[in-house]
Each structure stands twice: as structure tokens, then as C-alpha cells.
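Here the structure comes first, spelled out in C-alpha cells, and everything after it is commentary.
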Amino acid sequence: MNERQRRYVLLEREGIVSLRNAGSVAHCWEQFAFVPRALEALRLLAAEDYAAIIISRQTWASKGQGSSKELDAITRRFLLQVALAEGHIAGVYYCRHRKEDECNCFAPAGLIARACLEHGFVLENTYFIGEKEIALEAAAAAGCHTLRIQRDAFLQPEMGGRKPLGVASNLYEAVEQVLATERVLKSMHASVLA
Ligand SMILES: [Zn+2]
């Protein structure tokens with residue numbers, strides 16, 4: 001066991017790790033594609049001793065055993081690709097329910113709570129990277145640091161303002177922000193102790 005407690009980064013899947021296929025979620029491996037540099041971002045996290053956890057709603061998988069099995073098959077394939085790229089995904093938490101099921105997995109407070117319980121991380125030391133406002137709010141309410149992916153974030157400086165804190169254009173940029181924030185926190189901590 002590492003003396004240093006492992007850090008965790010929670011990730012939404014669609015639009016963050018995997019590309020939407022014509023605006024929709026992949027229903028088979030052939031439709032699945034990684035976001036550019038997502039594998040590189042996951043490798044960077046692993047190299048810095050962070051574990052990534054996927055938190056995702058996959059409503060289409062509620063349509064019976066076939067679709068649920070297909071989702072499992074996609075998941076096995078993409079976990080293998082991540083491992084081959086030297087990334088580390090410690091867990092995948094899906095909500096496979098329909099809206100009318102009124103489950104408590106989402107928005108995604110329930111999934112975050114389950115991941116937290118099973119992996120034993122400290123929410124206040126954990127980052128949540130996503131794009132859906134409702135998910136980011138739930139993660140922030142749970143105590144996580146949040147980073148929002150906004151693909152046009154790079155346009156914002158030209159729009160008269162600075163890029164808002166906690167906004168990144170893609171996963172790789174978000175991971176760089178997490179690591180930079182952690183370095184600042186660590187040096188602040190060190191100077192307080194000095
Ligand atoms: Zn659910």
C-alpha cells in the first residue's frame with residue numbers, strides 16, 4: 001500500500017473521454033471513439049498516481065439485457081485501450097435506468113456516493129470533470145472540486161474576459177489544471193509547515 005493516499009479524478013464519459021457519435025452515445029464498439037488526447041490525459045493522471053473513475057448515465061442500456069451486455073462489452077474494450085495506453089481507470093459507474101424509474105444514481109450524486117464508499121476517497125480531495133451543469137452542481141454539492149469542459153473555452157479570452165477558473169477546452173487541458181492546482185496546494189502547505 002502506498003503511504004501517500006491515492007488521489008481520484010471523477011470523469012463524465014460522453015464528450016469528456018468518448019466522442020459523441022453524431023450527437024449520440026455509442027451503442028456498440030464500432031461507434032466508440034476517444035476524444036483527441038483523452039488517452040494521453042489518462043496516462044498523465046496515472047503517472048502522477050491518480051486513479052480515474054467514470055461516472056456516466058447510459059439510459060439506452062435500460063432497454064433490456066442485450067443493450068446492457070453491449071454496454072459491458074464496450075466498457076471492457078475501452079478499459080483495455082486505456083490500460084494499453086498506460087492509463088488507470090479504477091472504476092466505472094453507470095446509471096442504466098430510465099427517467100421514469102426515478103433512480104437515485106443521478107444527478108450523479110448517487111453514483112459519486114457509491115464510488116466514494118467503494119474506493120474510500122476523500123470527496124474534498126477529489127476532482128470531478130464534466131460538462132453537464134446538473135452533474136457539476138451535484139459534484140460540487142458533494143464536496144468535489146469541479147472542472148467544466150467547454151469546447152469553445154479557448155475562444156473566451158477574445159470575448160473580452162479571461163477564461164473563467166475551472167473551465168477547460170478538453171480533458172487533457174483539465175488534467176493539466178488539476179495537476180497545476182495540486183502543485184500550488186502542495187507548495188502552500190509546505191510553506192505553512194516551514
Ligand atoms: Zn440510475
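May I ask you to list pairs of residues, at least six apart or on different chains, whose Cβ atoms are under 6 Å apart, with the first in the range 87-106 being farther than 16 Å from LEU117 by Cα and the second being more than 14 Å from the ligand (Cβ to nearest atom)?
GLY87/LEU42; GLY87/ARG43; GLY87/ALA46; HIS88/ALA46; HIS88/ALA51; ILE89/ALA52; ILE89/LEU79; ILE89/VAL82
Where in the range 1-116 are there strands (runs of 3 or more DSSP E), lying wholly inside it, with at least 2 residues that are over 26 Å from ALA153 (Cα atoms)?
Correct list: 89-95.
Out of TRP60, TRP29, report the one residue that is surrounded by fewer than 22 Cβ atoms within 10 Å (Cβ to Cβ) and within 16 Å of the ligand (Cβ to nearest atom).
Among TRP60, TRP29, only TRP60 is surrounded by fewer than 22 Cβ atoms within 10 Å (Cβ to Cβ) and within 16 Å of the ligand (Cβ to nearest atom).
One residue is enough: does the range 72-80 have a residue meeting the conditions away from the ligand (no atom under 16 Å from the Cβ), in contact with an Asp or Glu (Cβ under 6 Å, 6 or more places away or on another chain) and not hydrophobic (A, V, I, L, M, F, W, C)?
The answer is no; no qualifying residue exists.
List, please: which pairs have Cβ atoms under 7 Å, are six or more places apart or on different chains, and start with a residue in the range 51-79 that is in contact (Cβ under 8 Å) with a residue 60 or more places away in the chain and end with one that is charged (D, E, K, R) and buried (at least 16 other Cβ atoms within 10 Å of the Cβ)?
Qualifying pairs under 7 Å: ILE55/GLU12.
For the range 118-135, name all the residues that are among the aliphatic types (A, V, I, L, M) and either surrounded by 22 or more Cβ atoms within 10 Å (Cβ to Cβ) or within 16 Å of the ligand (Cβ to nearest atom) (or both).
Of everything in the range 118-135, those that are among the aliphatic types (A, V, I, L, M) and either surrounded by 22 or more Cβ atoms within 10 Å (Cβ to Cβ) or within 16 Å of the ligand (Cβ to nearest atom) (or both) turn out to be ILE129, ILE134, ALA135.
Against the condition β-branched (Val, Ile, Thr) and farther than 22 Å from GLU176 by Cβ, how does THR146 come out, does it pass?
no
Filtering the range 91-106 down to residues that are within 9 Å of the ligand (Cβ to nearest atom) and among the basic types (Lys, Arg), which residue is nearest to the chain's Cα centre (by Cα)?
Within the range 91-106, the match that is nearest to the chain's Cα centre (by Cα) is ARG96.
Could you tell me whether GLN81 is at pLDDT 95 or above and farther than 21 Å from GLY143 by Cβ?
Spelling it out, GLN81 is indeed at pLDDT 95 or above and farther than 21 Å from GLY143 by Cβ.
The values are calculated or read from the model by the stated rules, or taken from the named source; none is laboratory data. Only a predicted model underlies this, so the values are computations on that prediction, with no experimental measurement involved. Reconstructed Cβ throughout: ideal geometry from the backbone, glycine too, with neighbour counts over all protein chains shown.
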